[in-house]
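Data block below; observations after.
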Amino acid sequence: MHDEDADRPNQYALLRQRRFGPFFWTQFAGAANDNLFKFAFTVLVTYQLSVSWLPPSLAGLVIGALFILPYLLFSATSGQLADKWDKRRIFLLTKNLEIAIMALVAWGMLAQNVPLLLACIFLMGTHSTLFGPAKFAYLPQVLSERELTGGNGMVEMGTFVAILLGNVAGGLLVAVPEVGHAQVAVAGLLLALLGRLSAQFIPAGPATDPDLRINWNLFSETWRNLRLAHAHPVVFRSLLGISWMWFFGAVFLAQFPAFAKEVLHGNEQVAALLLVVFSVGVGAGALLCERLSRAQVEIGLVPLGALGMSLFAADLYLASRSLPPGSLMDMAAFLSRPAHWRVVADLLLLSMAVGIYSVPMYALIQLRSQPTHRARIIAANNILNALFMIASSLIAGALLSAGCSIPQLFLIIAGANLLVSMAVFLLVPEYLSRCVALVRTARA
């Protein structure tokens, strides 16, 4: 056992290696910038500007929809480009584009030009859409099979930490009187420049299908991508599993502000705490995958993650359904009550389960997809993710409008996750058989 541990790759050591380190910081800076701008802009139109045609109640929904729309429109094209071109070329192109977009954002923030900033949200969504397929297709080109789980865990951890830091920084910077808008403009440009600098050091990721003829028809290519993914049953079911994870996670992320205020009787600090706990939990779960899987692509972790998601989501319902009413508390007052620690623990364990559930699926897709069209398979994943997240917001909105409470919504999603997971594991028995083998090995 000791010798096996000694031979095991170290996911943290990847950060010191040129094949991974510059790529990690490039994607980290991009994810942080996306969320810094999105959250700062949301605060701007919710609290600081009065825009008759964009009321605060709709601002978050409109901004989120504009950011996701490019994933539906352009994922198929970006998947083709990532298969046809060197991945490094894609990274440099997207970082150059990000600098130009952030220059427009700076202009829009200083002029308080809401239509221009909405256009920039769409453009940043396009930037992320171009980056995504190349990002996940690059990893299996530069990492061995034994490093793939750890590498994906690092990327997922980095993404959620970047989301957290971007949201926090965006909210803090834009709220500073008089200079807040200028600070957001400078921070956005600085992050874009840092991302471009880091991308300069990424080594080549050679084209896997350089003779591919690009189909510029967005709709026919989107359909072709989905059919391409569907032709590989194990891969396609993993794509559906990941998309379900985004459906599940989107329900919680979207409800944190209302859950904090209406159920937990907490102020904005408590809402921010929920986001911090969720982000840290997903990152921790993602990092745990390498150790739990012993540096293999181990899909036996997926049932364990799915079980944890349902179990702790259901307990979150039990922990929050009968909290006594009271005036809005700050974070210190909230954490001083023992009953609230159960809520925090449930949320942390639930989000760790999300990380454990998703990382092996990403690794499996990268491993089982044919290299020549791996990026297009990942583009199909992005299309499905966007569709599932849109469906998540519509279904959750319908349930809440029908009188469902937020804790009840969490219970419903816990039950739905159990049913979906059972269906996936019946279709792909390999998940459960690997899980049983993993548990037996751990006990031995």
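Evaluating residue 65 against the criteria (1) part of a helix (DSSP H, G or I); (2) hydrophobic (A, V, I, L, M, F, W, C); (3) in contact with a helix residue (DSSP H, G or I) (Cβ under 6 Å, 6 or more places away or on another chain) leaves one unmet condition, (3).
Looking at segment 1-13, which of the residues that are outside any loop (DSSP other than H, G, I, E, B) and surrounded by fewer than 20 Cβ atoms within 10 Å (Cβ to Cβ) is modelled with the lowest pLDDT? Working first, answer last.
First pass over segment 1-13, keeping only residues outside any loop (DSSP other than H, G, I, E, B): 2-7, 11-13.
Subset that is surrounded by fewer than 20 Cβ atoms within 10 Å (Cβ to Cβ): 2-7, 12-13.
Working: 2: 43, 3: 46, 4: 46, 5: 48, 6: 46, 7: 52, 12: 85, 13: 89.
It comes out as 2.
Aliphatic (A, V, I, L, M), assigned to a helix (DSSP H, G or I) and farther than 15 Å from residue 247 by Cα, is that true of residue 414?
Working: aliphatic (A, V, I, L, M): yes; assigned to a helix (DSSP H, G or I): yes; farther than 15 Å from residue 247 by Cα: no.
No; evaluated as a whole, the condition is false for this residue.
Going through 219, 247, 256, 252 one at a time, which residue ends up being crowded, with 19+ Cβ neighbours inside 10 Å, free of Cβ contacts under 8 Å to residues at least 60 places away in the same chain and over 25 Å from residue 26 (Cα atoms)? Checking each option against the conditions leaves just 256.
Among the residues of segment 419-441, is any within 24 Å of the chain's Cα centre (by Cα) and farther than 22 Å from residue 302 by Cα? No, segment 419-441 contains no residue that is within 24 Å of the chain's Cα centre (by Cα) and farther than 22 Å from residue 302 by Cα. Filtering segment 116-166 to residues that are under 13 Å from the mean Cα position of the chain (by Cα), more than 24 Å from residue 93 (Cβ to Cβ) and aliphatic (A, V, I, L, M) leaves 157, 161, 164. Scanning segment 369-389 finds no residues that are surrounded by fewer than 21 Cβ atoms within 10 Å (Cβ to Cβ), outside the structural domain of residue 87 (by TED's automatic domain parsing) and of a type in the set (Gly, Ala, Ser). When residue 84 is tested against the conditions (1) of a type outside the set (A, V, I, L, M, F, W, C); (2) over 24 Å from the mean Cα position of the chain (by Cα); (3) at pLDDT 90 or above; (4) within 26 Å of residue 184 (Cα to Cα), the lone failure is (4).
Pull up segment 366-409, narrow it to residues that are outside any loop (DSSP other than H, G, I, E, B), hydroxyl-bearing (Ser, Thr, Tyr) and under 20 Å from residue 261 (Cβ atoms), then point me to the one that is farthest from the chain's Cα centre (by Cα).
Initially, segment 366-409 is screened for residues outside any loop (DSSP other than H, G, I, E, B), giving 366-368, 371-401, 406-409.
Narrowing further to those that are hydroxyl-bearing (Ser, Thr, Tyr): 372, 392-393, 401.
Checking which are under 20 Å from residue 261 (Cβ atoms) leaves us with 393, 401.
Working: 393: 16, 401: 26 Å.
Among those residues, the one meeting the criterion is 401.
Among the conditions (1) at pLDDT below 95; (2) under 19 Å from the mean Cα position of the chain (by Cα), the only one that residue 30 does not satisfy is (1).
Here residue 296 meets the list (1) more than 26 Å from residue 11 (Cα to Cα); (2) more than 22 Å from the chain's Cα centre (by Cα) almost entirely, failing just condition (1). In a residue-by-residue description of segment 138-150, the property of being in a helix (DSSP H, G or I), closer than 28 Å to residue 40 by Cα and assigned by TED's automatic domain parsing to the domain that holds residue 32 applies to no position.
Would you call residue 270 assigned to a helix (DSSP H, G or I) and either of a type in the set (A, V, I, L, M, F, W, C) or closer than 30 Å to residue 13 by Cα (or both)? Yes. Name the single residue, out of those in segment 143-181 being touching a residue at least 60 places away in the same chain (Cβ under 8 Å) and charged (D, E, K, R), that is farthest from residue 288 (Cα to Cα). Across segment 143-181, the extreme among qualifying residues is 145.
Residue-wise test of (1) buried (at least 20 other Cβ atoms within 10 Å of the Cβ); (2) in contact with a Cys (Cβ under 7 Å, 6 or more places away or on another chain); (3) modelled with pLDDT under 95; (4) outside any helix (DSSP H, G or I).
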position	(1), (2), (3), (4)
299	yes, no, yes, yes
310	yes, no, no, no
319	yes, no, yes, no
324	no, no, yes, yes
364	yes, no, yes, no
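Once segment 273-297 is narrowed to residues that are assigned to a helix (DSSP H, G or I) and among the β-branched types (Val, Ile, Thr), the residue that is surrounded by the fewest Cβ atoms within 10 Å (Cβ to Cβ) is 276. Sub-8 Å Cβ pairs linking a first residue in segment 110-126 that is on the phi > 0 side of the Ramachandran plot to a second residue that is surrounded by 18 or more Cβ atoms within 10 Å (Cβ to Cβ) and aliphatic (A, V, I, L, M), at least 6 apart or interchain, are 112/44, ordered by first then second residue.
Among the listed residues 63, 90, which satisfies the condition of being β-branched (Val, Ile, Thr), under 22 Å from the mean Cα position of the chain (by Cα) and modelled with pLDDT of 90 or more?
On the way: 63 fails: modelled with pLDDT of 90 or more.
Of 63, 90, the one residue that is β-branched (Val, Ile, Thr), under 22 Å from the mean Cα position of the chain (by Cα) and modelled with pLDDT of 90 or more is 90.
Taken over segment 69-118, the residue count meeting the criterion of being surrounded by fewer than 20 Cβ atoms within 10 Å (Cβ to Cβ), within 20 Å of residue 27 (Cβ to Cβ) and among the basic types (Lys, Arg) is 1.
The values are calculated or read from the model by the stated rules, or taken from the named source; none is laboratory data. Since the structure is predicted, the reported quantities are computational estimates derived from the model, not experimental observations. When we count neighbours, we look across all protein chains shown, and the Cβ atoms used for this are built from the backbone with ideal geometry, even at glycine.
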